[in-house]
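To start, the structure itself, in structure tokens.
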Amino acid sequence: FDRTLRSAESLIVGKQMGRALELVAPLRAFSDEEPRIAAVIDAVYDNDLQLGQQAAEKVDWKSAVMEYEKGVEAKDTPKVRDLLTEARKQLVNTQNKAAAAKALESSKELEQQHNNIGALEVLYNLPPSQRALVADDVERLKDAYIQSAVQAAKDLQKAHDPIRGLGDEIGIEKAYNYLSRAFELSENDAYRDMSEILGDDLSTFFVSQAKLYFDKPSGSGTEIGWAYL
């Protein structure tokens, strides 16, 4: 017992906090009776909080989260819990801003190339929390997107309807998605009606493909058939 505590105290002096905490972990139940155990735990806890706060001051939220998590492991207090919650929140905000900025940069490059569909979709496909950060750009791009997407859908339908195989399936699905998004952005019922026609075609094809695979011998196509359904 005494040898373990001496080792832990030496590790604290050497700033090997994680190892020190591991050593005293089996003894934590006696921390109320033995001040030396509590002193090791407090030293680890204080160090983790200090490192976490230093990282937060540098706006290094990833490191701050890691240090506060270590602090919770050392001694779960309301203070470190609150600090951890705030650091996690700030980390998510930072990650969202970085992802939105990267997507916006890609969008502007596509816009310069007159790729109206790609310019909007790279923003629209972001998670809601990130898309909200580029809402003004989505609004700015939507009219050009709708015009290009509807025309692209018509061209795809002309090239791939009726559906005879995988290439046609992919083409009609793409057209369906273009029209669905055009309706989301414009609420123009004509685009919804056009997408529903393609949706019916796709559904009919999917069911026929499912039956085809279910009819294969020994159930060899069951999983693919189920995927089509």
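The values are calculated or read from the model by the stated rules, or taken from the named source; none is laboratory data. Predicted model only: the values in this text are computed from it and were never measured. Using ideal geometry, Cβ is built from the backbone for each residue, glycine included, and neighbour counts are taken over all protein chains shown. The protein model used for the area step is the full one, side chains on, heavy atoms only, and it has no ligands, DNA or RNA in it. Shrake-Rupley method; radii C 1.70, N 1.55, O 1.52, S 1.80 Å.
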For this session: State which entries of Lys15/Lys62; Lys15/Lys89; Lys174/Lys211; Lys89/Lys142; Lys15/Lys79; Lys102/Lys142 exceed 27 angstrom in Cα-Cα distance in the structure shown.
Result: Lys15/Lys89; Lys89/Lys142
Exercise. Which of the chymotrypsin sites (Phe, Trp or Tyr not before Pro) found in region 52-148 are in a DSSP loop and have at most 14 neighbouring Cβ atoms, other than their own, within 10 Å?
Worked result: none
Exercise. In deg cm²/dmol and to the nearest 500, what is the mean residue ellipticity at 222 nm of the chain if only DSSP H runs of at least 4 residues count, each as -39500 (n - 2.57), divided by the residue total?
Worked result: -27000 deg cm²/dmol
Exercise. Got a sec to turn the phi values of region 215-229 into Karplus ³J(HN,Hα) couplings, 6.51 cos²θ - 1.76 cosθ + 1.60 with θ = phi - 60°, whole Hz, x for Gly and Pro?
Worked result: 7, 5, x, 6, x, 5, x, 4, 5, 5, x, 5, 4, 5, 5
Problem set entry | Sulfur and carbon atoms: percent of accessible area, region 57-152 [1.4 Å] | 50 percent
Problem set entry | Gained length - Glu22 relative to Asp42, 0.36 nm times residue gap less alpha-carbon distance | 5.8 nm
For this session: Output the Cα-based Rg and Dmax of region 158-229 in Å, rounding Rg to one decimal and Dmax to a whole number.
Result: 14.4, 49
For this session: Please work out the average accessible area per residue across region 94-229, using the 1.4 Å probe convention, and give it in Å².
Result: 62 Å²
Exercise. When only C-alpha pairs under 8 Å and at least 6 residues apart count, what is the relative contact order of region 51-151, in percent?
Worked result: 19 percent
Seminar exercise, completed: Asn115 and Phe206 label points (each 7 Å along its Cα→Cβ direction) are spaced in nm at 2.8 nm
Exercise. So what J values fall out for region 106-120 if you push phi through Karplus, 6.51 cos²θ - 1.76 cosθ + 1.60 with θ = phi - 60°, rounded to Hz, Gly and Pro as x?
Worked result: 5, 4, 5, 5, 5, 5, 5, 8, 6, 9, 5, 5, x, 4, 7
Exercise. By a straight-distance test (C-alpha under 20 Å), which aspartates and glutamates pair with Lys154 as possible cross-link partners, with residues fewer than eight away in the same chain excluded?
Worked result: Glu121, Asp143, Asp168, Glu169, Glu173, Glu184, Glu187, Asp189, Asp193, Glu196, Asp200, Asp201
Problem set entry | Percent carbon-and-sulfur accessible area, region 153-226, ignoring ligands, DNA and RNA, probe 1.4 Å | 51 percent
For this session: Compute from the Cα atoms of region 100-229 the Rg and the Dmax, the latter being the longest Cα-Cα distance, and quote both in angstrom.
Result: 17.6, 55
For this session: Report ³J(HN,Hα) in whole Hz for each residue of region 149-158, in order, from the Karplus equation J = 6.51 cos²θ - 1.76 cosθ + 1.60 where θ = phi - 60°; Gly and Pro get x.
Result: 5, 5, 5, 5, 5, 4, 5, 5, 4, 5
Problem set entry | Over region 41-177 - Rg/Rh using Cα atoms and the Kirkwood inverse-distance radius | 1.28
Exercise. For P(r) over Cα pairs in 5 Å bins from 0, in percent, the choices are [x] 1, 6, 10, 9, 9, 8, 7, 7, 6, 7, 7, 7, 6, 5, 3, 1, 0; [y] 1, 6, 13, 17, 18, 15, 12, 9, 7, 3, 1, 0; [z] 1, 7, 15, 19, 21, 18, 12, 5, 2, 0, 0; which was calculated from the structure?
Worked result: [x]
